[in-house]
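Undergrad: Got a structure here, written out as structure tokens. Questions coming.
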Amino acid sequence: MSDKTMSVHEVVGRLESGMTLGIGGWGSRRKPMALVRALLRSDITDLTVVSYGGPDVGLLAAAGRIRTLVTAFTTLDSIPLEPHYRAARERAAFELREVDEAMFLWGLHAAANRLPFLPVRAGLGSDVMRVNPTLRTVTSPYEDGETFVAMPALRLDAALVHMNRADRAGNGQYLGPDPYMDDLFCEAAGAAYASCERIVDTAELTKEAAPQTLLLKRSSVTGVVETPNGAHFTSCAPDYGRDEPFQKLYATTPYAEFAERFLSGDEQDYQSAVRAWHKEQR
């Protein structure tokens, strides 16, 4: 098995402006924030971002890096609507394609299975068809004759996800309560990059955890990056919970001010700045 370990800089070096980029996690939970922060330090822009959105979307939107956003929601969980996303949307900073959560899921399934679309009942009878006028319906060719939404595949040029553990070959493990569709993001992408809290030997992955926790297959992962605390300030259970005080700071601070203090250096500088801020609050 080949060694797929990379640095965050090597991952970002493989991304380009204009890409369709999928970002795993869910809301403010297990987001690949170290990779998102590295992306913000680059000059990559004009992105189509596909995400069950959280602060990944908020930061990229505030920085003006998003051309089009495909999402079912953008939330910080304990703060229902991501404020930096909201501000960017209110000033029409990007195009929004908002779909139902189930439609989003089946769009990933279609891309992962190399299908142009998949039929889904979600969205019928709702305004999702009105706000997405390019969506089409299909009729079952069987005797039931039922009508479905034809959810197009959410094909990704690249995907970024975060795992609790991974090995050097790219097998990824989640230890928390929910896989968050991260495997589908990887399978739907031309290239997939998984950050993780810790890289371990392959045998260690199932030494104390069930085989079902092996969410990512090495065949669908292009590169793996060890980024301790790399989901901060989102949660990465059971390794750590969401940093609620810091998330509140993020949500109430103008982006330029937040970026100057926390995003101007590298990842080590970010982690040091967070520790310093927490020390100030004591």
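The values are calculated or read from the model by the stated rules, or taken from the named source; none is laboratory data. Note that the structure is predicted; figures quoted are calculated from it, not measured. Surface areas here come from the heavy atoms of the whole protein model, side chains and all, with no ligands, DNA or RNA. Shrake-Rupley method; radii C 1.70, N 1.55, O 1.52, S 1.80 Å.
Undergrad: Using a Gaussian network model of the chain with C-alpha springs under 10 Å, which one of 235, 195, 140 is most mobile by mean-square fluctuation?
TA: Residue with maximal mean-square fluctuation among 235, 195, 140: 140.
Undergrad: Here is a further query. Under the √(5λ) rule applied to the eigenvalues of the Cα gyration tensor, what semi-axes describe the equivalent ellipsoid of segment 148-282? Give them in Å, descending. Each step should come with its number before you reach the end.
TA: Values: eigenvalues 168, 80, 41 Å².
Output for segment 148-282: semi-axes of 29, 20, 14 Å.
Undergrad: Using only the Cα atoms of segment 202-282, what semi-axes does the equivalent ellipsoid have when each is the square root of 5 times a gyration tensor eigenvalue? Give whole Å, largest first.
TA: Details: eigenvalues 197, 47, 27 Å².
Working through the eigenvalues yields semi-axes of 31, 15, 12 Å.
Undergrad: Let me know the Kirkwood hydrodynamic radius for segment 104-196, please, with Cα pairs as the basis and the value in Å to one decimal.
TA: Values: mean 1/r = 0.0670 Å⁻¹.
With all distinct Cα pairs of segment 104-196 included, I get 14.9 Å.
Undergrad: Excluding residues on the same chain fewer than 8 positions from residue 31, give the lysines whose Cα lies under 24 Å from its Cα.
TA: 4, 217, 248
Undergrad: Based only on Cα atoms, what Rg/Rh ratio does segment 35-164 have, Rh being taken as Kirkwood's radius? Before the final figure, lay out the partial values.
TA: Numbers: Rg = 16.1 Å, Rh = 15.9 Å.
Ratio value, two decimals: 1.01.
Undergrad: Moving to a separate point now. Using every alpha carbon pair in segment 17-92, what percent of pairs falls into each 10 Å bin from 0 up to the bin containing the largest distance?
TA: P(r) for segment 17-92, in whole percents per bin: 21, 61, 18, 0.
Undergrad: What does the accessible area of residue 4 come to, in Å² to the nearest 10, when a probe of 1.4 Å is used?
TA: Here the accessible area works out near 40 Å².
Undergrad: With the contact rule set at Cα under 8 Å and sequence spacing of 6 or more, what percent relative contact order holds for segment 1-155? The partial results should precede the final answer.
TA: Details: 280 pairs, mean separation 25.5, N = 155.
Relative contact order, segment 1-155: 16 percent.
Undergrad: Which percent of Cα-Cα pairs in segment 140-193 sits in each 10 Å bin, short to long?
TA: Calculated P(r), rounded to whole percents: 20, 37, 20, 16, 7, 0.
Undergrad: Still on this structure: Match the structure shown to one of the listed values (1) 18.8, 68; (2) 19.0, 62; (3) 20.6, 74 of Rg and Dmax of the Cα atoms in Å, computed from it, and give that label.
TA: (1)
Undergrad: OK, next. Have a look at 179, 152, 245 and tell me which one the Gaussian network model of the chain (Cα, springs below 10 Å) gives the largest fluctuation.
TA: Taking springs between Cα atoms under 10 Å, the residue moving most is 245.
Undergrad: Can you pull the percent of Cα pairs in segment 162-242 with separation above 20 Å?
TA: On the way: 756 of 3240 pairs.
The calculated P(r) of segment 162-242 puts 23 percent of pairs beyond 20 Å.
Undergrad: While we're looking at this one, here's another question. When DSSP assigns beta bridges and you keep just the ones with both residues in the chain, what percent turn out antiparallel, to the nearest 5? Please report the intermediate quantities before stating the final value.
TA: Numbers: 14 of 45 bridges.
So the antiparallel bridges in the chain amount to around 30 percent.
Undergrad: From largest to smallest, what semi-axes in whole angstrom does segment 75-131 give when each is the square root of 5 times an eigenvalue of its alpha carbon gyration tensor? Intermediate results must be reported in sequence, preceding the final value.
TA: On the way: eigenvalues 131, 38, 32 Å².
Whole-Å semi-axes of the equivalent ellipsoid: 26, 14, 13.
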